[in-house]
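Read the structure below first, then the notes.
The values are calculated or read from the model by the stated rules, or taken from the named source; none is laboratory data. Since this is a predicted model, take the numbers as computed values, not measurements. When we count neighbours, we look across all protein chains shown, and the Cβ atoms used for this are built from the backbone with ideal geometry, even at glycine.
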Amino acid sequence: MKKVTITFFFIIFTVKSFSLERKDASNLKDLGYPWENFYIHNYGSSNTYWYTIEEHLDLNPKFLALVLQDVEEKDQKITYKYTYNSRHNFFKMEAITETSKNVFSLPNFFLKNTLKAEEISDKEIDINEFIEKVLDHCKYTQLRNLKDKKGDDVSVTNQKDCRISYVNNIEFKDLIFEQFEKNKDFKSFLVNKDDANKFIVLKRTPIKDSKKEQISSKESPGFSKNNQKSTQEFKNFKENINIAINWANYNSLIVANLKMDKSNSVGSIEINLPDGSGKCIGTVAINTTTMLGTWSMNCDDSENRSWRFKKEMYASGKLNKNDQNFLVGEGKDRLGNKVVFQSEKL
């Protein structure tokens with residue numbers, strides 16, 4: 001009994017030590033984390049939300065990543081620093097309407113929205129999954145229509161590959177999308193290989209206890225099999241999938257092609273809008289265990305579309321594989337129009 005009690009308190013302490021807190025702000029800033037930052041996104045006419053490092057830490061995330069990206073701003077080469085938070089679904093940005101401070105309040109349609117990342121739980125996210133999501137987002141998302149803290153437009157061009165410099169206070173080297181695709185093991189990119197042990201608990205490595213393993217296997221006999229089944233279902237996906245999109249208030253059905261990259265559970269959407277009214281590109285990211293995911297798409301500006309869709313036509317949302325073996329998605333565009341799609345049978 002005494003041995004069990006000691007082990008119990010050790011586990012609680014270990015897990016808690018990997019939850020970041022506001023008191024960690026100074027150490028992270030010393031490592032190069034920015035005081036304020038934003039997420040890569042197409043902000044359209046909306047304002048960009050700038051997060052402080054304290055705001056990130058107030059969510060007590062498992063992971064924060066310092067991400068560097070070389071860009072050109074006003075014809076000058078600079079390096080942007082982003083802070084990625086495991087408590088954020090940075091694939092989905094939510095519109096928050098600003099409130100007027102004027103005594104004569106303006107109607108809502110005169111006020112700009114500000115886009116913030118959806119907050120999520122990071123309980124089931126491990127270090128490799130977090131790294132993969134960050135690099136996927138950087139790879140498949142373009143920074144467009146950035147606004148500074150005053151709300152003024154910032155022109156950003158020639159965006160290079162993102163690289164992860166730190167996760168929490170652990171330093172990484174050469175951690176970019178292409179390299180991680182070849183070897184999805186975070187330990188290979190550590191500057192100090194001894195730091196690998198600091199992420200063991202975060203990977204949810206089970207403690208070897210023969211009695212505990214016997215109990216667990218009896219209580220949840222189908223858990224491992226269900227995971228294997230979902231992963232196998234994903235491997236059986238077609239690489240090219242046709243999808244039909246119903247975009248509320250758009251004048252016709254949209255047909256698109258989804259190209260899946262089954263090596264990293266993401267895909268790209270390519271759309272040629274009807275009647276030569278423009279092109280759209282998008283991304284999907286799917287969790288191969290739960291078969292749940294997110295999607296986003298952006299369309300170029302075109303005068304050949306109805307007035308509300310001439311500029312800044314983009315949307316994002318969630319998706320899942322249903323019991324009939326179709327991918328189904330639902331979300332909204334910047335104007336609040338509902339966007340739904342369904343794939344052909346997988």
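Every listed requirement among (1) crowded, with 21+ Cβ neighbours inside 10 Å; (2) under 22 Å from residue 175 (Cα atoms) is met by residue 43 save one, (2).
Within region 186-196, being surrounded by 12 or more Cβ atoms within 10 Å (Cβ to Cβ) and at pLDDT 90 or above holds for 186, 187, 188, 189, 190, 191, 195. Of the helices (runs of 4 or more DSSP H) lying entirely inside region 1-76, those containing at least 2 residues that are at pLDDT below 95 and of a type in the set (Val, Ile, Thr) are 2-16. Restricting attention to region 270-280, the residues being part of a strand (DSSP E or B) and closer than 15 Å to residue 247 by Cα number 4. Quick one: is residue 303 in a loop (DSSP other than H, G, I, E, B) and free of Cβ contacts under 8 Å to residues at least 40 places away in the same chain? Against the criterion (in a loop (DSSP other than H, G, I, E, B) and free of Cβ contacts under 8 Å to residues at least 40 places away in the same chain), residue 303 qualifies. In region 272-298, the residues that are free of Cβ contacts under 8 Å to residues at least 24 places away in the same chain form Cβ pairs under 8 Å with partners that are surrounded by 22 or more Cβ atoms within 10 Å (Cβ to Cβ) and not in a strand (DSSP E or B), at six or more places apart or across chains, as follows: 279/273.
Residue 244 falls short on exactly one of the conditions (1) within 22 Å of the chain's Cα centre (by Cα); (2) assigned to a strand (DSSP E or B); (3) of a type outside the set (S, T, N, Q), and that condition is (1). How many residues are among the acidic types (Asp, Glu) and surrounded by 11 or more Cβ atoms within 10 Å (Cβ to Cβ) if we restrict to region 136-152? Qualifying residue count for the region: 2. Contact annotation: residue pairs with Cβ atoms under 7 Å, 6 or more positions apart or on different chains, pairing a residue in region 27-44 that is farther than 14 Å from residue 92 by Cα with a partner that is among the aromatic types (Phe, Trp, Tyr), are 29/35; 31/166; 36/50; 36/51; 37/50; 37/51; 37/82; 44/314. Restricting attention to region 294-325, the residues that are crowded, with 16+ Cβ neighbours inside 10 Å and more than 23 Å from residue 144 (Cα to Cα) add up to 2.
Considering region 286-328 alone, what residues qualify as being among the aliphatic types (A, V, I, L, M) and either at positive phi or touching a helix residue (DSSP H, G or I) at 6+ places or on another chain (Cβ under 6 Å) (or both)? Across region 286-328, the qualifying residue is only 291.
Exactly one residue among 282, 329 is at pLDDT below 90, within 20 Å of residue 346 (Cα to Cα) and buried (at least 21 other Cβ atoms within 10 Å of the Cβ), and that residue is 282.
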